[in-house]
1. Under 17 Å from the Cα of Lys313, which aspartates and glutamates turn up, not counting those fewer than eight places away in the same chain?
2. Can you figure out the FRET efficiency of Val55 with Lys254, using R₀ = 30 Å and their beta-carbon distance, to the nearest 0.05?
3. Note down the net charge around Arg311, summing +1 for each Lys or Arg and -1 for each Asp or Glu among other residues with Cβ under 15 Å from its Cβ.
4. Quick one: helix 228-245 against the long Cα principal axis of the chain, what's the angle to the nearest 10°, folded into 0 to 90?
5. Can you give the calculated 222 nm mean residue ellipticity of the chain, where each DSSP H run of n ≥ 4 adds -39,500 (n - 2.57) and the sum is split over every residue, rounded to the nearest 500 deg cm²/dmol?
6. Cβ neighbours within 10 Å, averaged per peptide: list 229-236, 241-248, 197-204 in order, most packed at the top.
7. Mind grabbing the base-10 log of I(q)/I(0) for the range 32-80 at q = 0.19, 0.30 Å⁻¹? Debye formula, identical points on the C-alpha positions, no solvent, two decimal places.
8. If we count every other residue with Cβ under 15 angstrom of Thr152's Cβ, Lys/Arg +1 and Asp/Glu -1, where does the sum land?
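The values are calculated or read from the model by the stated rules, or taken from the named source; none is laboratory data. All values reported here derive from a predicted model rather than from experimental measurement. Glycine gets a Cβ as well: all are built from the backbone with ideal geometry, and neighbour counts include every protein chain shown. Heavy atoms of the whole protein, side chains included, go into the accessibility calculation; ligands, DNA and RNA do not. Shrake-Rupley method; radii C 1.70, N 1.55, O 1.52, S 1.80 Å.
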Amino acid sequence: MKLCVKIHLIVLETPLSPRTMSNQTLVTEFILQGFSEHPEYHVLLFSCFFSLYSVALTGNILIILAIAFNPGLHTPMYFFLFNLATMDIICTSSVMPKALEGLMSEESSISYGGCMAQLYFLTWSASSELLLLTVMAYDRYAAICHPLHYSTTMSKAFCSKLATGVWVLCAFNTAIHTGLMLRLNFCGPNVITHFFCEVPPLLLLSCSSTYVNSIMIVLADAFYGILNFLMTIVSYGFIISSILKMQTTEGKKKAFSTCSSHLIVVCMYYTAVFYAYISPVSSYSAEKSKLAGVLYTMLSPTLNPLIYTLRNKEVKAALRKLFSFSRN
């Protein structure tokens, strides 16, 4: 594959090694490898990805509209689902347009600034989704384990603070990681072994020390991947225990139906995250990361609205009202 590298010469104040004091080259454009190693599948992949993207956008927008225009869905559970749908749209839209463009051209390039912007919005939305899934698990815990105090515990003001905290905390964390990435030098090669800009393959391309970046990645993995996962597991431990203690079968079914959709989404999302990212940067696998990238940037945003819609009578009723209103 022919690669056209846009570079310009700069003089580095600090040399890359003790023996070099010469001019160095700075990469101003990256090449996204994407799925170029399998050109025979480009048409098929484009059709699949375009379909997934269309369904993801349509499904999440419909959920947002259904919740926004139906007062009966203005409850904590659906408020958090509204936020989840918004995050899914940001997550998949930060990646898919460029990925689809890459499948239609011989090579896919992205500017340095565009790469950093994509990295920011993708990391922001993905980390926010992980944190929000933990908040949603706590909401289900409060509803099932402490139903008499639920309305007081999960008040409108408290839910708004939780959602705002998720967005702000993840935006701040992402700003730190993006800022640390901006301080690095990229002197070539400039081929990112992925279909979008991601931290591990970018660190492998840097000609600067990535020690601080790696430490921050470990801390982020520990918080978003491990701590949040453990809190979700603990919440569902209490939930399952409370359900088993219920006297009637009908009560057990109703309680389980309120959290089963969320549990499916949690299992699906964390499977992709653990598969790709809970490992050192040095052991980064391009093929494994691409597969996980497809799972959480395309498949998860597509399946989330379907899972919550198909298993939820209230959402389906709200969607029917929405469509009947649009026809009138």
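1. Filter leaves Glu250.
2. 0.55
3. +4
4. Once rounded, one gets 20 degrees.
5. -22000 deg cm²/dmol
6. Going by the mean number of other Cβ atoms within 10 Å, highest first, we get 197-204, 229-236, 241-248.
7. -0.68, -1.03
8. Spelling it out: positives minus negatives among the neighbours equals +1.
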